[in-house]
Structure formats: structure tokens, C-alpha cells
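**Student:** Encoded as C-alpha cells, here's the structure I'll be asking about.
The values are calculated or read from the model by the stated rules, or taken from the named source; none is laboratory data. Remember, predicted model here, so these are calculated numbers, not experimental data. Every residue, glycine as well, gets a Cβ built from its backbone with ideal geometry; the counts of neighbours run over all protein chains shown. Heavy atoms of the whole protein, side chains included, go into the accessibility calculation; ligands, DNA and RNA do not. Shrake-Rupley method; radii C 1.70, N 1.55, O 1.52, S 1.80 Å.
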Amino acid sequence: MVRYFSAIALVLSLGASLIGHEAEKTRVTLKLSADGSFSLDVANDPMWLLLRLETFAGGSVPPNMTVAARDERLAQLTSVFADRIVLFVDEHEVRAASVDYLPPGQGRAAGSREPDGSLATFHLTGSMPRAATRLRWLYGLVGDRYPLEIIQPDGSSAIEWIEGTNWSDVIDLSRSFTRPTRWEIAQQYLSLGYTHILPKGLDHILFVLGIFLLSPRIKTMLLQVTAFTVAHSITLGLSMYGIVSLPPRIVEPLIALSIAYVAIENILTRELKPWRLALVFMFGLLHGLGFAGVLRDLGLPRDEFLTALLTFNLGVEGGQLTVIAAAIIVTAPFMKKGWYRQRVVIPASVLIATVGLYWTVARLIVGR
């Protein structure tokens, strides 16, 4: 019994970071001018920014903080934020001359991507040598991979993918950026779709495992996975084309609730009912809206929109199939045992349902 509750506590602690799913949503755009001046826009979720910056400022975030108080405090932390940004140009550090905080809805990205109204922006300006040739970049707040878009004075641009708090590779500023090929874009977004599931998409992983646990029969799994795949592919495409949309404060709690539902039903029944397929399809529609939110945060290349959309979706499918394959490998020796349901399906489903209900409540609170 102690081990059982310890497992619940461990899963809840691992999942706590997903209360605000993909909360970092990092966007960075560096625009260079011919006279050597630059503008830098760094956008993140405002509450995530405040929590991170207060750890460096030695302060704390009071409970039930109002939006106005949050934005006022972030405006006071501009110098703390600036210290987390390093521009290393031709072996010399370049510091911003000014740093301004722009609340959600007021930020305007320096580049081509449309701003996300839910993100707060720190806008930095300064100057670097006109003949600058090499740039290295560091953003000391973000743990996940994020895009750094660099726009040259001639209007050409490129996106460098940065691994969290690691330094970027050396970026050549002495040339115009060439447009990536269709194959390069396909590779990039295939990888992004896959890594959104593995290792980052713990909520989507738990939903897929909930589908898997209902029955060890391959037909049962395939019917559910097919319904889920078709549904999330529909809303992912429709949402990215602007046909359907729901705000994250609605989508994210419902995704968490879908996780809890499939797990609870696993405890109550061992057969695939018609309503289960219908509900899995409906839940797939919700998860598709969640995937679309991630894609909007990343930004899609306008000239290869469909390529990026399709390959991202293929990457998501690859991640989900990997989860199912791993689950089959782990449980295959036990599936035909008489105790499989009692010792594997029910305890695992209880764990998943607990996490799903926890996320539902937590995301409702955070989204208010």
C-alpha cells in the first residue's frame, strides 16, 4: 500500500510542470539593421516568466496575484531579465541599451510571426558592430528547445533551434540567409512532432496508455488509436487554417479530463463499448486543438505551411506508436496471466486517473 501511494505521489510530482501545458511557449526574434542596431523580442507565458525571474530576484509570487499586479512586477524586473540574456558578437558581449516589458496583447514581434495574445514580451534594443560576423546566443531561463529567429537587414531570415539553457552554435551573420528546402522543413517538423510526444507530452502519453490498457486485444487498440488519430488530425488541420479555435484555458483542462475518463472506464469495464469509440474520437478532437496550439507557438513557414503541418502530425503519430510499442513490449509477458487486469490494468489506470483529475483541477485554477 505504501508503494502504491508513493507511486501516485511520484507521478503527480513529475506531472506538476504540465499544469500549464507547454507553459514556456518561448518565442525569440532578433532583427538586425544595416546601421548596427538591433531589436530583440523575447516572448513567454507571463506567470511562468514571473515565477522564474523571482527565483533570481530573491522574491516570491503571492497567491491570487492579479493580472495588473503581475504585469507591474514584471515591469520592475527588466534588469533581472536582461541579465539572463547574453549576445556574444565576435568574441565580445553586447548588452542591450534598453529593456521594456510589454504585457500580453501589447507585444509586437520584430519578425514575421504573428504575436500570441497570451504571451508577454520583453523588448530589448541596442547596437553591435556593423561588420559583425559571428553570434553566439544564450537565454538562461528556458529548459525546453525553442526557436530563435534572426532577420538580416536585407529581410532574409533563418530559425536556429536552441536547446534550453545551452549556448547556441556559432551563427554566421556575414551572409544572407538562404530559405530552407522542403526536405529540411519536413525533417525539422517531423522531429518537433515526435519530441512533442516523447519526451515532452506526458499528458498525451498518459491518454495513449489509457487507450492501451482497456484490453490486450490488438483489434481493440487499433480501433481506438485510429479514432483518436483521425480526430486529432482533423482539428489540427482545421485549427491551423483558422477554421476552428478554442482558448487554452478551455482545451487544457478538457484534455486532462479526457485522460481521467479513459482511465476510470478501464477500471469499470474490460470491453470496448460503442460509446468508448465515440468519446475517444471526441477527445481526439480536443487533443488536436492542443497540438495546434503548440504549432502556433512554434510558427509555421508560410511558403511550406502544408509540408510543416503534415510532417508535424506524422511526428506526433510516430511518438504515439512508439508509446504503444513500448507498452506492448513491457506488458506482453503478463497479458495472458490471470492476474494481469488486477495487478497491472487497474493499478496503472488508478494512477493515470489520479494524475488526470489533478491536472484538471490545477489547470482550471491556473486558467482562471
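**Student:** Looking at the range 166-194 only, could you name the residues that are under 16 Å from the mean Cα position of the chain (by Cα) and either at pLDDT below 85 or polar (S, T, N, Q) (or both)?
**Tutor:** Correct list: 188, 191.
**Student:** Residues that are aliphatic (A, V, I, L, M), assigned to a helix (DSSP H, G or I) and either open to solvent by less than 70 Å² (accessible area, probe 1.4 Å) or at pLDDT below 90 (or both): does the range 141-159 have at least one?
**Tutor:** Scanning the range 141-159, I find no residue that is aliphatic (A, V, I, L, M), assigned to a helix (DSSP H, G or I) and either open to solvent by less than 70 Å² (accessible area, probe 1.4 Å) or at pLDDT below 90 (or both), so the answer is no.
**Student:** Filter the range 224-244 for residues that are farther than 28 Å from residue 302 by Cα and surrounded by fewer than 17 Cβ atoms within 10 Å (Cβ to Cβ) and give the result.
**Tutor:** 226
**Student:** A further question on this structure: Check the range 6-25 and report whether any residue there is at pLDDT below 85, surrounded by 19 or more Cβ atoms within 10 Å (Cβ to Cβ) and in a helix (DSSP H, G or I).
**Tutor:** Among the residues of the range 6-25, at least one is at pLDDT below 85, surrounded by 19 or more Cβ atoms within 10 Å (Cβ to Cβ) and in a helix (DSSP H, G or I), which makes the answer yes.
**Student:** Somewhere in the range 226-238, is a residue touching a residue at least 24 places away in the same chain (Cβ under 8 Å), small (Gly, Ala, Ser), touching a Ser or Thr at 6+ places or on another chain (Cβ under 8 Å) and at negative phi?
**Tutor:** Looking for residues that are touching a residue at least 24 places away in the same chain (Cβ under 8 Å), small (Gly, Ala, Ser), touching a Ser or Thr at 6+ places or on another chain (Cβ under 8 Å) and at negative phi, one finds none in the range 226-238, hence no.
**Student:** Within the set of pairs 6+ apart or on separate chains, which have a first residue in the range 268-295 that is within 19 Å of residue 194 (Cα to Cα), a second that is in a helix (DSSP H, G or I) and of a type in the set (Asp, Glu), and C-beta atoms under 9 Å apart?
**Tutor:** Within 9 Å, the pairs are 287/203; 290/203; 290/252; 293/252.
**Student:** Taking helices (runs of 4 or more DSSP H) that do not extend beyond the range 46-103, which have at least 2 residues that are more than 30 Å from residue 172 (Cα to Cα) and open to solvent by 50 Å² or more (accessible area, probe 1.4 Å)?
**Tutor:** Fully inside the range 46-103 and qualifying: 46-57, 67-76.
**Student:** Would a scan of the range 37-45 turn up a residue that is surrounded by fewer than 17 Cβ atoms within 10 Å (Cβ to Cβ), over 17 Å from residue 142 (Cα atoms) and at pLDDT 90 or above?
**Tutor:** yes
**Student:** Return the total of residues in the range 186-199 being closer than 27 Å to residue 140 by Cα and open to solvent by less than 60 Å² (accessible area, probe 1.4 Å).
**Tutor:** 9
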